[in-house]
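The structure that follows is given in the form of C-alpha coordinates.
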Amino acid sequence: MYLQSVHAINFLTQYNNEIMPFNSNDPLTDVTTRFHRILLTGAGGNLGKVLRARLGKYADIVRISDVATLEPAHAQEEAVQCDLADAAAVRALVEGVDAIVHLGGVSVERPFEEILPANIQGTFNIYEAARRHGVRRVVFASSNHVIGYYRQGDVIDADVPLRPDGYYAVSKAFGEQLSRFYFDRYGIETVCLRIGFSFPEAVDRRTLVTWLGYDDLEQLIRRAIFVPNVGHSIVYGASANRDHWWDNRRASCLGFSPVESSEQFRAKVESTPPLPADDLAGWYQGGAFVKIGPFEE
Ligand code: 15L
(Lines give C-alpha, C1' and ligand atoms only; values in the text may rest on other atoms or scores of the structure.)
Protein backbone atom coordinates (compact mmCIF):
# COMPACT_ATOMS: atom_id res chain seq x y z
CA MET A 1 0.00 0.00 0.00
CA TYR A 2 2.75 2.43 1.03
CA LEU A 3 4.81 1.65 -2.03
CA GLN A 4 1.83 2.09 -4.30
CA SER A 5 1.14 5.55 -2.88
CA VAL A 6 4.76 6.56 -3.27
CA HIS A 7 4.59 5.38 -6.83
CA ALA A 8 1.61 7.63 -7.48
CA ILE A 9 3.31 10.64 -5.88
CA ASN A 10 6.46 10.12 -7.91
CA PHE A 11 4.37 9.73 -10.99
CA LEU A 12 2.43 12.92 -10.33
CA THR A 13 5.58 14.88 -9.72
CA GLN A 14 7.15 13.59 -12.85
CA TYR A 15 4.22 13.77 -15.21
CA ASN A 16 1.98 16.42 -13.73
CA ASN A 17 -0.90 14.04 -13.76
CA GLU A 18 -1.67 14.18 -17.47
CA ILE A 19 -0.31 12.99 -20.75
CA MET A 20 2.82 14.98 -21.42
CA PRO A 21 2.86 16.84 -24.70
CA PHE A 22 4.99 14.65 -26.87
CA ASN A 23 6.97 16.11 -29.70
CA SER A 24 5.97 15.11 -33.18
CA ASN A 25 7.55 11.69 -32.74
CA ASP A 26 5.16 8.81 -32.39
CA PRO A 27 5.04 7.96 -28.65
CA LEU A 28 5.04 4.30 -29.63
CA THR A 29 8.42 4.55 -31.34
CA ASP A 30 10.70 1.99 -29.68
CA VAL A 31 7.80 0.65 -27.58
CA THR A 32 7.03 -3.05 -27.86
CA THR A 33 3.31 -3.25 -28.54
CA ARG A 34 2.84 -6.74 -27.24
CA PHE A 35 1.96 -8.11 -23.82
CA HIS A 36 1.83 -11.67 -22.61
CA ARG A 37 -1.83 -11.56 -21.60
CA ILE A 38 -4.54 -8.92 -22.16
CA LEU A 39 -8.02 -9.19 -20.66
CA LEU A 40 -10.95 -8.04 -22.78
CA THR A 41 -14.23 -7.70 -20.86
CA GLY A 42 -17.51 -7.45 -22.74
CA ALA A 43 -16.02 -9.61 -25.48
CA GLY A 44 -19.45 -10.76 -26.65
CA GLY A 45 -20.76 -7.26 -27.32
CA ASN A 46 -20.66 -5.21 -30.50
CA LEU A 47 -17.22 -3.68 -29.98
CA GLY A 48 -16.05 -6.68 -27.99
CA LYS A 49 -16.44 -8.88 -31.06
CA VAL A 50 -14.56 -6.35 -33.19
CA LEU A 51 -11.69 -6.17 -30.72
CA ARG A 52 -11.65 -9.90 -30.06
CA ALA A 53 -10.77 -10.35 -33.71
CA ARG A 54 -7.98 -7.75 -33.53
CA LEU A 55 -6.29 -7.93 -30.11
CA GLY A 56 -4.40 -11.13 -30.91
CA LYS A 57 -1.80 -8.96 -32.65
CA TYR A 58 -0.93 -7.40 -29.31
CA ALA A 59 -0.77 -10.30 -26.87
CA ASP A 60 0.34 -13.90 -26.66
CA ILE A 61 -2.95 -14.67 -24.94
CA VAL A 62 -6.20 -12.71 -25.03
CA ARG A 63 -8.43 -13.60 -22.10
CA ILE A 64 -11.95 -12.85 -23.25
CA SER A 65 -14.89 -12.56 -20.89
CA ASP A 66 -18.58 -11.84 -20.99
CA VAL A 67 -21.61 -12.60 -18.87
CA ALA A 68 -23.15 -14.25 -21.94
CA THR A 69 -21.85 -17.45 -23.48
CA LEU A 70 -18.97 -16.68 -25.84
CA GLU A 71 -18.07 -18.32 -29.11
CA PRO A 72 -15.55 -21.08 -28.29
CA ALA A 73 -12.02 -19.86 -27.64
CA HIS A 74 -9.57 -19.93 -30.53
CA ALA A 75 -5.92 -20.80 -30.12
CA GLN A 76 -4.30 -17.92 -28.23
CA GLU A 77 -7.56 -17.15 -26.35
CA GLU A 78 -8.85 -18.00 -22.89
CA ALA A 79 -12.64 -17.66 -22.61
CA VAL A 80 -14.12 -16.99 -19.17
CA GLN A 81 -17.83 -16.50 -18.56
CA CYS A 82 -18.00 -13.93 -15.78
CA ASP A 83 -20.60 -11.76 -14.12
CA LEU A 84 -18.79 -8.48 -13.42
CA ALA A 85 -20.94 -7.95 -10.33
CA ASP A 86 -19.37 -11.04 -8.73
CA ALA A 87 -16.28 -9.70 -6.98
CA ALA A 88 -14.66 -13.10 -6.39
CA ALA A 89 -15.17 -14.11 -10.01
CA VAL A 90 -13.68 -10.82 -11.22
CA ARG A 91 -10.70 -11.26 -8.94
CA ALA A 92 -10.01 -14.63 -10.55
CA LEU A 93 -10.62 -13.18 -14.00
CA VAL A 94 -7.99 -10.48 -13.60
CA GLU A 95 -5.24 -12.68 -12.16
CA GLY A 96 -2.20 -12.88 -14.40
CA VAL A 97 -3.09 -10.18 -16.93
CA ASP A 98 -0.79 -7.34 -18.01
CA ALA A 99 -3.53 -4.94 -19.09
CA ILE A 100 -7.32 -4.76 -19.11
CA VAL A 101 -9.53 -3.47 -21.90
CA HIS A 102 -12.76 -2.95 -20.00
CA LEU A 103 -15.77 -2.83 -22.30
CA GLY A 104 -18.06 -4.96 -20.14
CA GLY A 105 -21.44 -3.83 -18.86
CA VAL A 106 -24.71 -2.50 -20.20
CA SER A 107 -23.96 -0.34 -23.27
CA VAL A 108 -27.26 1.48 -23.73
CA GLU A 109 -29.69 3.43 -21.57
CA ARG A 110 -31.60 1.15 -19.18
CA PRO A 111 -33.28 1.41 -15.77
CA PHE A 112 -30.85 2.13 -12.95
CA GLU A 113 -31.35 -1.33 -11.43
CA GLU A 114 -29.87 -2.86 -14.58
CA ILE A 115 -27.01 -0.39 -14.81
CA LEU A 116 -25.91 -0.70 -11.18
CA PRO A 117 -24.56 -4.27 -10.98
CA ALA A 118 -22.60 -4.57 -14.22
CA ASN A 119 -21.52 -0.98 -14.82
CA ILE A 120 -20.99 0.42 -11.34
CA GLN A 121 -20.33 -2.55 -9.06
CA GLY A 122 -18.63 -4.31 -11.98
CA THR A 123 -16.23 -1.49 -12.74
CA PHE A 124 -15.36 -1.21 -9.06
CA ASN A 125 -14.67 -4.96 -9.01
CA ILE A 126 -12.37 -4.62 -12.02
CA TYR A 127 -10.31 -1.86 -10.37
CA GLU A 128 -10.16 -3.65 -7.03
CA ALA A 129 -8.97 -6.78 -8.79
CA ALA A 130 -6.43 -4.74 -10.76
CA ARG A 131 -5.09 -3.29 -7.51
CA ARG A 132 -4.88 -6.67 -5.81
CA HIS A 133 -3.13 -8.31 -8.76
CA GLY A 134 -0.81 -5.40 -9.59
CA VAL A 135 -2.22 -4.65 -13.05
CA ARG A 136 -0.73 -1.32 -14.16
CA ARG A 137 -2.90 -0.29 -17.14
CA VAL A 138 -6.62 -0.23 -17.85
CA VAL A 139 -8.40 1.03 -20.94
CA PHE A 140 -11.88 2.07 -19.86
CA ALA A 141 -14.61 2.24 -22.48
CA SER A 142 -16.38 5.43 -21.48
CA SER A 143 -18.90 7.06 -23.79
CA ASN A 144 -19.76 10.32 -25.46
CA HIS A 145 -22.94 10.17 -23.38
CA VAL A 146 -21.04 11.52 -20.35
CA ILE A 147 -21.23 14.86 -22.18
CA GLY A 148 -24.53 14.08 -23.88
CA TYR A 149 -26.29 17.25 -22.70
CA TYR A 150 -23.92 19.62 -24.53
CA ARG A 151 -25.54 21.06 -27.61
CA GLN A 152 -24.76 19.67 -31.03
CA GLY A 153 -22.37 22.06 -32.75
CA ASP A 154 -20.66 23.13 -29.50
CA VAL A 155 -17.00 22.12 -29.52
CA ILE A 156 -15.81 20.80 -26.16
CA ASP A 157 -12.64 19.23 -24.85
CA ALA A 158 -12.08 16.54 -22.23
CA ASP A 159 -11.93 19.07 -19.37
CA VAL A 160 -15.50 20.37 -19.57
CA PRO A 161 -17.84 19.54 -16.68
CA LEU A 162 -19.70 16.31 -17.31
CA ARG A 163 -23.32 16.51 -18.48
CA PRO A 164 -24.47 12.88 -18.58
CA ASP A 165 -27.67 12.17 -20.46
CA GLY A 166 -28.96 9.15 -18.48
CA TYR A 167 -28.15 6.39 -16.00
CA TYR A 168 -25.85 4.63 -18.47
CA ALA A 169 -23.96 7.89 -18.92
CA VAL A 170 -23.78 8.41 -15.16
CA SER A 171 -22.25 4.95 -14.83
CA LYS A 172 -19.58 5.90 -17.37
CA ALA A 173 -18.93 9.13 -15.45
CA PHE A 174 -18.51 6.95 -12.35
CA GLY A 175 -15.94 4.84 -14.19
CA GLU A 176 -14.02 7.95 -15.23
CA GLN A 177 -13.93 9.18 -11.63
CA LEU A 178 -13.18 5.77 -10.15
CA SER A 179 -10.23 5.35 -12.48
CA ARG A 180 -9.01 8.81 -11.50
CA PHE A 181 -9.05 7.69 -7.86
CA TYR A 182 -7.22 4.45 -8.60
CA PHE A 183 -4.53 6.39 -10.41
CA ASP A 184 -4.11 9.03 -7.71
CA ARG A 185 -4.11 6.48 -4.90
CA TYR A 186 -2.46 3.45 -6.46
CA GLY A 187 -0.78 4.60 -9.67
CA ILE A 188 -2.91 2.36 -11.90
CA GLU A 189 -2.92 4.13 -15.25
CA THR A 190 -6.15 4.42 -17.23
CA VAL A 191 -7.08 5.83 -20.59
CA CYS A 192 -10.80 6.61 -20.64
CA LEU A 193 -12.12 6.51 -24.18
CA ARG A 194 -15.26 8.57 -24.73
CA ILE A 195 -16.28 6.46 -27.68
CA GLY A 196 -18.60 8.01 -30.24
CA PHE A 197 -20.68 5.88 -32.62
CA SER A 198 -18.56 2.85 -33.45
CA PHE A 199 -20.57 0.78 -35.90
CA PRO A 200 -19.94 -0.20 -39.52
CA GLU A 201 -21.69 2.92 -40.87
CA ALA A 202 -22.83 6.35 -39.74
CA VAL A 203 -26.62 6.25 -39.86
CA ASP A 204 -27.81 9.84 -39.33
CA ARG A 205 -26.60 13.44 -39.16
CA ARG A 206 -25.41 13.09 -35.57
CA THR A 207 -23.35 9.98 -36.23
CA LEU A 208 -21.71 11.59 -39.28
CA VAL A 209 -19.99 13.71 -36.61
CA THR A 210 -19.45 11.06 -33.92
CA TRP A 211 -18.59 8.02 -36.06
CA LEU A 212 -15.50 5.99 -35.11
CA GLY A 213 -14.42 3.43 -37.69
CA TYR A 214 -13.10 0.08 -36.51
CA ASP A 215 -9.55 0.65 -37.77
CA ASP A 216 -9.43 3.91 -35.84
CA LEU A 217 -10.91 2.16 -32.81
CA GLU A 218 -8.15 -0.43 -32.99
CA GLN A 219 -5.52 2.27 -33.30
CA LEU A 220 -6.94 4.08 -30.27
CA ILE A 221 -7.06 0.91 -28.16
CA ARG A 222 -3.53 -0.07 -29.14
CA ARG A 223 -2.26 3.36 -28.15
CA ALA A 224 -4.28 3.37 -24.94
CA ILE A 225 -2.70 0.05 -23.97
CA PHE A 226 0.90 0.74 -24.90
CA VAL A 227 1.77 4.46 -24.96
CA PRO A 228 3.96 4.97 -21.89
CA ASN A 229 3.12 7.35 -19.05
CA VAL A 230 -0.50 8.13 -19.84
CA GLY A 231 -1.36 8.70 -16.18
CA HIS A 232 -5.10 9.20 -16.10
CA SER A 233 -6.26 10.44 -19.47
CA ILE A 234 -9.56 11.07 -21.18
CA VAL A 235 -9.84 11.08 -24.94
CA TYR A 236 -12.70 11.19 -27.41
CA GLY A 237 -13.06 8.41 -29.91
CA ALA A 238 -14.07 9.77 -33.30
CA SER A 239 -12.64 9.30 -36.77
CA ALA A 240 -11.33 12.07 -39.04
CA ASN A 241 -14.87 13.13 -39.90
CA ARG A 242 -15.62 16.40 -41.70
CA ASP A 243 -17.29 17.99 -38.67
CA HIS A 244 -16.23 17.78 -35.02
CA TRP A 245 -17.80 18.53 -31.67
CA TRP A 246 -14.79 17.29 -29.72
CA ASP A 247 -11.42 18.93 -29.30
CA ASN A 248 -9.22 15.89 -29.22
CA ARG A 249 -5.80 17.29 -28.49
CA ARG A 250 -5.36 14.74 -25.72
CA ALA A 251 -5.94 11.95 -28.19
CA SER A 252 -3.32 13.37 -30.51
CA CYS A 253 -0.93 13.36 -27.53
CA LEU A 254 -1.43 9.61 -27.55
CA GLY A 255 -0.27 9.79 -31.14
CA PHE A 256 -3.82 8.97 -32.25
CA SER A 257 -4.18 9.95 -35.86
CA PRO A 258 -7.50 8.72 -37.28
CA VAL A 259 -7.46 7.62 -40.89
CA GLU A 260 -11.14 6.90 -41.52
CA SER A 261 -13.95 9.33 -42.24
CA SER A 262 -17.75 9.27 -42.25
CA GLU A 263 -17.82 11.19 -45.59
CA GLN A 264 -18.44 7.89 -47.37
CA PHE A 265 -21.89 7.76 -45.68
CA ARG A 266 -22.91 11.39 -46.15
CA ALA A 267 -24.86 11.13 -49.39
CA LYS A 268 -27.00 8.29 -48.06
CA VAL A 269 -27.62 10.02 -44.72
CA GLU A 270 -28.42 13.37 -46.29
CA SER A 271 -30.89 11.81 -48.70
CA THR A 272 -33.13 11.23 -45.67
CA PRO A 273 -35.16 14.11 -44.14
CA PRO A 274 -33.59 15.93 -41.16
CA LEU A 275 -35.20 15.61 -37.73
CA PRO A 276 -38.01 18.07 -36.99
CA ALA A 277 -36.68 21.24 -35.35
CA ASP A 278 -38.36 20.43 -32.02
CA ASP A 279 -36.90 16.91 -31.76
CA LEU A 280 -34.48 16.92 -28.81
CA ALA A 281 -32.48 14.14 -30.47
CA GLY A 282 -31.27 16.82 -32.88
CA TRP A 283 -30.39 19.33 -30.16
CA TYR A 284 -27.99 17.45 -27.92
CA GLN A 285 -24.77 15.56 -28.54
CA GLY A 286 -26.25 12.48 -26.87
CA GLY A 287 -28.96 12.34 -29.55
CA ALA A 288 -31.99 10.17 -28.81
CA PHE A 289 -30.56 9.04 -25.45
CA VAL A 290 -31.88 12.31 -23.95
CA LYS A 291 -35.42 11.12 -24.70
CA ILE A 292 -35.22 7.70 -23.01
CA GLY A 293 -36.96 7.39 -19.64
CA PRO A 294 -38.06 7.95 -17.01
CA PHE A 295 -38.36 4.25 -16.32
CA GLU A 296 -39.80 4.71 -12.85
CA GLU A 297 -43.45 5.51 -12.11
C1 15L B 1 -22.88 4.48 -26.76
O2 15L B 1 -22.29 4.72 -25.72
C3 15L B 1 -23.50 3.16 -27.02
O4 15L B 1 -22.82 2.11 -26.38
C5 15L B 1 -23.67 2.89 -28.48
O6 15L B 1 -24.55 1.79 -28.62
C7 15L B 1 -24.20 4.10 -29.26
O8 15L B 1 -25.49 4.36 -28.85
C9 15L B 1 -23.33 5.29 -29.00
O10 15L B 1 -23.11 5.52 -27.62
C11 15L B 1 -23.89 6.60 -29.57
O12 15L B 1 -23.69 7.63 -28.96
O13 15L B 1 -24.48 6.57 -30.62
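What's the total number of residues in the stretch 137-164 that are farther than 24 Å from Tyr186 by Cβ and in a helix (DSSP H, G or I)?
Looking only at that region, the number is 3.
Turning to a different aspect of this structure: Does the stretch 126-136 include one or more residues that are in contact with a Phe, Trp or Tyr (Cβ under 9 Å, 6 or more places away or on another chain), assigned to a helix (DSSP H, G or I) and over 17 Å from Asp98 (Cα atoms)?
Looking through the stretch 126-136, none of the residues is in contact with a Phe, Trp or Tyr (Cβ under 9 Å, 6 or more places away or on another chain), assigned to a helix (DSSP H, G or I) and over 17 Å from Asp98 (Cα atoms).
Return the total of residues in the stretch 130-161 being within 14 Å of the ligand (Cβ to nearest atom) and within 24 Å of Asp278 (Cα to Cα).
So the answer is 8.
Name the pairs whose Cβ atoms lie under 7 Å apart, with the first residue in the stretch 144-161 and on the phi < 0 side of the Ramachandran plot and of a type in the set (Lys, Arg), the second assigned to a strand (DSSP E or B) and surrounded by 16 or more Cβ atoms within 10 Å (Cβ to Cβ), and 6 or more positions between them or separate chains?
As it stands, the answer is Arg151/Tyr284, since those pairs meet every condition given.
One line per residue, one yes/no per condition, for (1) modelled with pLDDT of 95 or more; (2) within 17 Å of the chain's Cα centre (by Cα); (3) crowded, with 18+ Cβ neighbours inside 10 Å:
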{"residue": "Ser171", "(1), (2), (3)": "yes, yes, yes"}
{"residue": "Gly175", "(1), (2), (3)": "yes, yes, yes"}
{"residue": "Arg185", "(1), (2), (3)": "yes, no, no"}
{"residue": "Arg194", "(1), (2), (3)": "yes, yes, yes"}
{"residue": "Phe197", "(1), (2), (3)": "yes, yes, yes"}
{"residue": "Leu212", "(1), (2), (3)": "yes, yes, yes"}
{"residue": "Asp215", "(1), (2), (3)": "yes, yes, no"}
{"residue": "Ile225", "(1), (2), (3)": "yes, yes, yes"}
{"residue": "Ala240", "(1), (2), (3)": "yes, no, no"}
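It is to be established whether one or more residues within the stretch 249-256 are within 24 Å of the chain's Cα centre (by Cα), within 15 Å of the ligand (Cβ to nearest atom) and in contact (Cβ under 8 Å) with a residue 40 or more places away in the chain.
no
Can you say whether Asn17 is at pLDDT below 95, more than 16 Å from Val191 (Cα to Cα) and assigned to a loop (DSSP other than H, G, I, E, B), as far as the supplied structure shows?
Considered against the rule, which asks whether it is at pLDDT below 95, more than 16 Å from Val191 (Cα to Cα) and assigned to a loop (DSSP other than H, G, I, E, B), Asn17 comes out as no.
Need the failing condition index for Thr207 against (1) over 15 Å from the mean Cα position of the chain (by Cα); (2) buried (at least 22 other Cβ atoms within 10 Å of the Cβ), just the number.
(2) is the only condition that Thr207 fails.
Of all residues in the stretch 173-211, how many are touching a residue at least 40 places away in the same chain (Cβ under 8 Å), aliphatic (A, V, I, L, M) and within 13 Å of the ligand (Cβ to nearest atom)?
Adding up the residues that qualify gives 6.
Determine which member of the set Val108, Val80, Val50, Val67 is touching a Cys at 6+ places or on another chain (Cβ under 8 Å) and farther than 26 Å from Asp184 by Cβ.
Result of the check over Val108, Val80, Val50, Val67: Val67.
Something else: Of the conditions (1) in contact (Cβ under 8 Å) with a residue 40 or more places away in the chain; (2) assigned to a helix (DSSP H, G or I); (3) more than 23 Å from Tyr168 (Cα to Cα), Val290 satisfies every one except a single condition; which number is it?
(3)
Still on this structure, please answer the following. Has the stretch 46-53 got at least one residue that is outside any helix (DSSP H, G or I) and closer than 26 Å to Gly134 by Cα?
No; the residues of the stretch 46-53 include none that is outside any helix (DSSP H, G or I) and closer than 26 Å to Gly134 by Cα.
How many residues, within the stretch 91-107, are among the aliphatic types (A, V, I, L, M) and more than 19 Å from the chain's Cα centre (by Cα)?
Selection size over the stretch 91-107: 2.
Go through the stretch 85-102 and give me each residue that's out of contact with any Leu (no Cβ under 6 Å at 6 or more places or on another chain) and within 16 Å of the ligand (Cβ to nearest atom).
His102
Hey, among the residues in the stretch 257-292 that are basic (Lys, Arg) and away from the ligand (no atom under 16 Å from the Cβ), which one's farthest from Asn25 (Cα to Cα)?
Lys268
The values are calculated or read from the model by the stated rules, or taken from the named source; none is laboratory data. Worth saying up front: this structure is predicted, and the values here are computed from it rather than measured. Cβ sites come from the backbone with ideal geometry, for glycine too, and all protein chains shown count toward neighbours.
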